[in-house]
Amino acid sequence: MKINKQNKNGKDVSVVYGNNNSISVNIFNNKILMEVVGSFNSNLKELEKITGSKIYFRGNSIAIKGDKNANEKVKDAIEYLIYRFRSDNKIDRNDIIAALNSDMVKDTKNQSTIQPLDEVIKTPKRSVIPRSKKQKEYVRSLKTSQIVMSLGPAGTGKTYLAVAVALSMLLEKKVERIILSRPAVEAGEKLGFLPGDMKEKIDPYLRPLYDSLYDLLDYEKIQRKIESGEIEIAPLAFMRGRTLKNSFAILDEAQNATETQIKMFLTRIGENSKLVVNGDPSQIDLPNKNQSGLIKSQFILKDIKEISVINFDHQDVMRHPLVTKIVEAYQKNTNDKG
């Protein structure tokens, strides 16, 4: 016997539970249906591969067959994708990954289908929306705190979200310039002599920051803002002796900065400025890992109320689900050793 359950997302969606643990999600809005399914059923294939359920698409119905728990996970993921489409009028790959984050889906069920405006970061090329509780907390801190420190593994959005908030504030004239910095430390390799002028020598170290900018604003506009000084990208060593006013400054890869260097960066803060320090303590590239000042600085500054500290973990990774498993495995290995 089938039980028809009206989905809270709206009248154009219903969920039907059938025999043998099967679930059918019926989506009667064709635009939503096509976005949820993806081109050539790509979204459904991704959900199928990760969960192990068999997913069939016909007409307006998405049928899910397999293990009961896995089927529920797929059903929740589809409901989450519907919610995401209604919030931002599109679905991208990161939404597929977030759809399988149980905490994110649970959080979605407890709120309205409209994303709060203070969580949406508007940039010319796209609207950036945090996809986990920690990311939401991080974005709120970026907008309200003078100094933010974020620690956690790769793929948690530390750099991307900070660059997005910085760019939105620059375009809204809330700050006059963005300063993006990171230590010029090689990732476990000796690159030797690098040809070219100073910019050409340091650009390879700063490439991830450029990538984030180009994803949010057209290449030509970014170049013009770099030429005008509205966006400055510089190695950490170049920050000494400066006072940053009306600026949004981000120190990336801070796990490769010493305690003294982080202190130097933080004390650059001036009138109407924000400073962000991001890093992954598990990826220290310094010859002596004990020289890293990221975790030390977190504890030294923990009682200063104007400084927000966000600690991400593997559950906040918004890249391919395999990245989460890799991060978790390495973290387990570290815990077992220590």
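The values are calculated or read from the model by the stated rules, or taken from the named source; none is laboratory data. Just so it is clear, the structure is predicted and the values come from calculations on it, not from any experiment. For neighbour counting, all protein chains shown are included, and Cβ atoms are generated from backbone atoms with ideal geometry for every residue, glycine included.
Summary of computed values
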{"item": "Positions within the stretch 281-319 being in contact with a helix residue (DSSP H, G or I) (Cβ under 7 Å, 6 or more places away or on another chain) and farther than 19 Å from residue 136 by Cα, in sequence order", "result": "281, 282, 283, 284, 285, 286, 292, 293, 294, 296, 297"}
{"item": "Filter result for residue 63 (closer than 24 Å to residue 322 by Cα and either in contact with a helix residue (DSSP H, G or I) (Cβ under 6 Å, 6 or more places away or on another chain) or of a type outside the set (S, T, N, Q) (or both))", "result": "no"}
{"item": "Checking residue 269 against (1) free of Cβ contacts under 8 Å to residues at least 12 places away in the same chain; (2) of a type in the set (Val, Ile, Thr); (3) over 27 Å from residue 131 (Cα atoms), the condition it does not meet", "result": "(1)"}
{"item": "Residues of the stretch 142-178 that turn out to be under 18 Å from the mean Cα position of the chain (by Cα) and assigned to a strand (DSSP E or B), as a count", "result": "4"}
{"item": "Count - residues of the stretch 247-260 that are surrounded by 21 or more Cβ atoms within 10 Å (Cβ to Cβ) and either over 22 Å from the mean Cα position of the chain (by Cα) or not in a helix (DSSP H, G or I) (or both)", "result": "8"}
{"item": "Residue check for residue 224: surrounded by 19 or more Cβ atoms within 10 Å (Cβ to Cβ), modelled with pLDDT of 90 or more, assigned by TED's automatic domain parsing to the domain that holds residue 127 and not aromatic (Phe, Trp, Tyr)", "result": "no"}
{"item": "Residues of the stretch 120-141 classified as closer than 21 Å to residue 173 by Cα, charged (D, E, K, R) and assigned to a loop (DSSP other than H, G, I, E, B), total", "result": "2"}
{"item": "Evaluation of residue 244 against (1) buried (at least 19 other Cβ atoms within 10 Å of the Cβ); (2) within 25 Å of residue 156 (Cβ to Cβ) (one fails), failing number", "result": "(2)"}
{"item": "Some residue of the stretch 267-287 being assigned to a helix (DSSP H, G or I) and either of a type outside the set (Asp, Glu) or farther than 16 Å from residue 175 by Cα (or both)", "result": "no"}
